[in-house]
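Rule-based calculations on the coordinates, nothing more; no lab input. Please read all numbers here as calculations on a predicted model, not as lab measurements. So basically every Cβ, Gly included, is an ideal-geometry build from the backbone, and we count neighbours across all protein chains shown.
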Amino acid sequence: MGKMNKGIFITIEGGEGSGKTTQSRLLKDYLENLGREILLTREPGGTVFAEGIRKILLSPTSRPVPLSELFLYEAARAQHMEEFVIPALKAGKVVICDRFTDATVAYQGYGRNLDLKLINLLNKKATFGVSPKLTVYLDIDPKKGLSKAKILDKEFYGSDGDRIERESVLFHNNVRKGYLSQAKKCPKRIKVIKTQSTPLKTHALIRKYLDAVL
Ligand code: TMP
C-alpha cells in the first residue's frame with residue numbers, strides 16, 4: 001500500500017471555547033486541498049446511535065453519577081469506532097476527530113476524580129486499541145474559554161450552555177491540568193498549542209505538526 005493510501009488518525013482536544021471545532025474544519029479544508037479524503041467527526045457522536053448518547057450526556061437536565069457518565073462516553077466511543085472510524089482508516093482516509101480518549105482522562109479522570117486505571121482500560125477496549133497519530137490540544141485559560149463558549153451559546157442557540165459547560169471554573173481548571181499532564185506523558189503524540197489571536201494564526205501553528213505526520 002502506498003503512503004497516500006494509508007489512513008491517518010488525528011484528534012483535536014481543547015477546553016470549552018478553545019475553537020477546536022473551527023480548527024477541525026480548517027484542518028479538513030487544508031487536507032482536502034492536498035488531495036486527501038477526510039472524515040471529520042466528533043465524540044461523543046458521529047453515528048446515529050452515538051449522537052443519541054451525546055444528547056443524553058449533554059442535556060442540562062441529565063443527572064448522571066460520574067460512573068454512568070464514564071460508561072456512556074465509552075459506549076458512544078465503541079459504537080463510533082467500530083461503525084465509523086475504523087472502516088474509514090481502513091479505506092485510507094484521514095480521520096479528524098473533535099475530542100477523543102484524552103477527553104475522558106481529562107474530564108472523567110481529573111474533573112470527576114474517577115480511577116485513571118479504569119479509564120485507561122475502558123479507553124483501550126472502546127477504541128479497539130486504535131490510537132491517534134497526532135493529537136492537538138488547544139490550550140486556553142478556562143475562565144476565558146468558558147465565557148467565550150457561553151456567549152456563542154447565547155447568540156446561536158439562546159441557551160446557557162450544555163451540562164458540562166455549566167460546571168464550575170474549578171472543574172474546568174482540573175480538566176486542563178488533566179490534559180497538560182497527558183501531554184507531558186505523551187509528548188510525541190500530543191502537541192500543546194496556545195490559542196492565538198485569530199483562528200488562522202492557530203491553524204498555522206497546527207500545520208507545523210501536521211506536515212510531520214502526513
Ligand atoms: P464538545 O463537542 O462541545 O466538546 O462537547 C463534548 C463535551 O463532552 C465536552 O464538554 C467534553 C465532554 N467529554 C467528556 O467529558 N468525556 C469524553 O470522553 C468526551 C469525548 C467528551
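Quick look at the values:
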item: GNM top mover of Asp102, Asp160, Asp139 - the chain, alpha-carbon springs below 10 Å; result: Asp160
item: Shape box of the range 2-213 [Cα atoms, principal axes, largest first, Å]; result: 48, 38, 34
item: Eligible lysines near Lys93 by straight Cα distance, threshold 19 Å, same-chain separation 8 or greater; result: Lys3, Lys6, Lys28, Lys133
item: Rule-of-thumb Rg ratio for the range 119-174 [Cα; 2.2 N^0.38 Å; N residues]; result: 1.51
item: Cβ-based net charge around Gly109, under 11 Å, with every Lys or Arg adding one and every Asp or Glu removing one; result: +1
item: Cα centroid separation - the range 13-92 against the range 133-171, whole Å; result: 16 Å
